[in-house]
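Each remark here refers to the structure printed beneath this line.
The values are calculated or read from the model by the stated rules, or taken from the named source; none is laboratory data. Computed from a predicted model, the values in this text were never measured in an experiment. Ideal geometry is used to build each Cβ from the backbone, glycine not excepted, and the neighbour counts take in all protein chains shown. The area values use the complete protein model at the heavy-atom level, side chains included, leaving out ligands, DNA and RNA. Shrake-Rupley method; radii C 1.70, N 1.55, O 1.52, S 1.80 Å.
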Amino acid sequence: MDRLGSLDAAARWYSDLQDPDLDLETWEAFLDWERDPGNAAAFQKVEASLAVLDQASLGYIEAVEAGPQRRGRFVKARAGWLSGIAAALALATVSYFVVGTLAHPEPVQYATSLGEQRTIELADGSQMTLNTDTEAEVSFTRNQRHIRLIRGQALFEVEKDEMPFVVDAEGHRTTALGTEFDVYANAGAVAVTLMRGSVVVSPVPAERWGFGLLSGSPAGTGGRELVPGERLIIGEDGVESVSDVDPAKAAMWRTGRIQFDDTSVGDVLAELNRYARTKVRIEDSALAAERISGSIYVGQEEDFVGSLVIMFSLETERDGDKILLSRASEPD
């Protein structure tokens, strides 16, 4: 499909997706069309240009309120108007990029490898510290400071500003103005720990479509507000739990030190495995449930395993990049 054809199709899809009666079949057809990188890019261009035209949404609301007949005329007129915009975009690429960049800038990606930590100073002066094996996208618009935590853990030290600072992770959004908080996204679950200030954690709005966040989308409703020293964990099944934590200890991972207090051996090893290429496994559920307290620096995993061997009279078996721990067998 030529460039103008792609933009025209993207404009028509944009129009169709505004329909409040959008059905699943249309949505799936759109996703199938958007899988083509050229189509996805065209859709992003159309949406970015329309994000600054508030009159389009106002006209749509008027049409809906006036009844089905007027709404039908409006949708047809809008379809033709969107096609005109598609043609204008194809003929005025430079103008589009000036407007589009302001309305919906391309996100900047940051990542850390296994065992690596990295601190990034953001455009507003806020700091984002990524823990091991973490990936995040940063996108600041005129209305919002937006982070998408794709995986892993990040600590945010937010500069106070009237513009909201939001972090999306595993289907939930943390919204703040000026504060310090930690977000950990792990296999469908998310944990938010507040060190200072206040945040609200809520479901990500439904306005998130194929390629990203619609400009100006509001924060979710029905959120839970945290106070300093609280950790909210939302499981993959949506079940929420809140616990009290020591803010200083919760942020200790930035120093390369892992602190654990009355924690199961299985959970401690799971945390250590996040940083190490050699993974430690326990097949004995009773052993994994044993509780321990202490701290360890990243990189000293094998020393810690040696301590466990002595403490619980264990045997070790190495298999490539894995160490298996088990109870020592009783002598005959």
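Annotations
- Largest to smallest accessible area among R231, R274, R318 [probe 1.4 Å]: R318, R231, R274
- By the equivalent-ellipsoid construction on the alpha carbon gyration tensor, segment 230-292 comes out with semi-axes of 21, 17, 13 Å, ordered largest to smallest.
- Neighbours of V200, meaning other residues whose beta-carbon lies under 9 angstrom from its beta-carbon, give a summed charge of +1 when Lys and Arg score +1 and Asp and Glu score -1.
- Diagonalising the gyration tensor over the Cα atoms of segment 224-332 and scaling each eigenvalue by 5 before taking the square root yields semi-axes of 29, 16, 13 Å, largest first.
- Scaled radius of gyration (Cα, divided by 2.2 N^0.38 Å) that segment 115-197 gives: 0.99
- Kirkwood Rh and Cα Rg combined as Rg over Rh, evaluated for segment 124-168: 0.96
- Alpha-carbon centroids, segment 159-201 and segment 278-305: separation in whole Å: 29
- Here each label is just a point 7 Å from Cα along the line to Cβ, and for R257 and L17 those points are 4.8 nm apart.
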